[in-house]
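All remarks here apply to the structure that follows.
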Amino acid sequence: MGHGLISDDIIDQIRGRIDITDIVGHHVSLTKAGQNLKGLCPFHQEKTPSFTVSPSRQIFHCFGCGAGGNVFTFLTRLTGASFPEVIRDLGQKGGNRSA
């Protein structure tokens, strides 16, 4: 089993259906920077973008404050929701009603 009552299979299915750039792009204005995207970090005040999103690796990282992780980490930190809440919300958005 994965995190509590949500199986690893469900978590992996949701991860496979969700693109981090779509989710982060709803909260951060992103611009292309080589293979990655960059923008102002939503977790601290900054004037120069130090927040990057890697579509190929499906992760984010801020070189200013050190925040980083996957789409689940991003939403948990941004919204204050618990991991199971984030999984269930993304599962519903991604068409997976089992979560």
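Only the coordinates and a few stated rules stand behind these numbers; no lab work does. Source: prediction; values computed, not measured. Glycine also receives a Cβ, built like all others from the backbone with ideal geometry; neighbour counts cover every protein chain displayed.
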Need the full-extension length gain, Arg77 to Lys93, defined as separation in residues times 0.36 nm minus the C-alpha distance. One decimal, nm. 3.9 nm
Report the local net charge at Gly68: Lys and Arg +1, Asp and Glu -1, summed over other residues whose C-beta lies under 13 Å from its C-beta. +2
Report which label in (1) 25, 14, 11; (2) 20, 17, 12; (3) 27, 17, 12 holds the value of semi-axes √(5λ) of the Cα gyration tensor in Å derived from the coordinates of this structure. (1)
Taking a crude spin-label model, label points 7 Å out from Cα along the C-beta direction, the Ser54 to Lys32 distance in nm is 2.0 nm
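Order of His44, His61, His26 from fewest to most other C-beta atoms within 10 Å?
On the way: His44 13, His61 18, His26 7.
Result, fewest neighbours first: His26, His44, His61.
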How much net charge surrounds Val28 when only the other residues with a Cβ under 13 Å from the Cβ of Val28 are counted, with Lys and Arg +1 and Asp and Glu -1? 0
With Cα coordinates, the longest principal axis of the chain makes an angle with the long axis of helix 8-17, in degrees rounded to 10, of 50 degrees
So the angle from the long Cα axis of helix 83-93 to the longest Cα principal axis of the chain, reported in degrees to the nearest 10, equals 90 degrees
